[in-house]
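Encoded as structure tokens, the structure appears first; notes follow it.
The values are calculated or read from the model by the stated rules, or taken from the named source; none is laboratory data. Given the structure is predicted, the values throughout are model-derived calculations rather than measurements. Virtual Cβ from ideal backbone geometry, glycine too; neighbours counted across all protein chains shown. These accessible areas exclude ligands, DNA and RNA; they are computed on the full protein's heavy atoms, side chains included. Shrake-Rupley method; radii C 1.70, N 1.55, O 1.52, S 1.80 Å.
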Amino acid sequence: MGVFSKYHRFREAGEAANVNNVARFGEPANSLFTTTKVFTLHHHIDITDAQERVAYEANSKFLSIHDRTDISDAQGNHVAHIERKFFSLHQRHFITMADGDRFEVSTELLHLVKDINNIEGLGWQLRGNVLALNFELYDSDGSIIAVIGQKVVSLHDKYCVDIYKPEHEQKVVAILVTLQHMIRDRENSSSSASFSSDD
């Protein structure tokens with residue numbers, strides 16, 4: 001379905017690039033795929049390449065109010081640290097890359113059908129479509145960096161990302177992991193609100 005869907009950009013490893021992405025942006029330089037391991041004490045995300053080899057992994061501390069997450073590559077080298085700002089009116093995460101680059105991702109508008117979120121510190125924009133589960137990442141010149149697609153129904157919270165500027169791959173991975181955390185938190189908040197309203 002992922003290859004031929006006009007609206008949902010998700011695809012599995014080994015499938016051709018989404019036709020909509022190719023029509024708009026051309027063939028991606030490379031693609032990565034994520035699977036979140038559920039029912040574990042630690043929130044763990046594997047990021048694999050097109051051959052399903054683990055390229056990166058993200059691990060979050062259990063019961064951390066700041067949702068501290070560390071990303072490493074396949075060789076175990078530190079790539080990025082992500083931390084949620086706890087006392088904030090909006091979802092806000094700070095990312096520190098291994099080379100010292102720092103930037104911030106906030107999703108105060110994520111509840112809308114479409115929104116534009118600035119990646120403060122990079123000048124990038126994350127343009128999202130929550131209903132279609134698609135997100136596009138642009139640089140400061142308006143050029144496409146990556147397209148993210150989420151699987152519609154999955155027990156393992158799967159995403160794929162087509163990367164058009166491979167020199168930014170590690171930052172894209174950090175933003176992808178942050179986005180997954182933010183969407184998960186939003187879904188948990190919605191579930192909690194629904195449960196409370198049913199009491």
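What the table below lists for this structure:
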| item | result |
| --- | --- |
| The one condition in (1) at pLDDT below 95; (2) in contact with a Ser or Thr (Cβ under 8 Å, 6 or more places away or on another chain); (3) closer than 19 Å to ALA174 by Cβ; (4) crowded, with 20+ Cβ neighbours inside 10 Å that THR107 fails to fulfil | (2) |
| Complete set of residues in the range 18-49 that are open to solvent by less than 40 Å² (accessible area, probe 1.4 Å), modelled with pLDDT under 85 and assigned to a loop (DSSP other than H, G, I, E, B) | ASN18 |
| Count - residues of the range 50-67 that are modelled with pLDDT under 80 and buried (at least 16 other Cβ atoms within 10 Å of the Cβ) | 1 |
| Test: residue in the range 68-82 that is open to solvent by 40 Å² or more (accessible area, probe 1.4 Å), of a type in the set (A, V, I, L, M, F, W, C), out of contact with any helix residue (DSSP H, G or I) (no Cβ under 8 Å at 6 or more places or on another chain) and modelled with pLDDT under 95 | no |
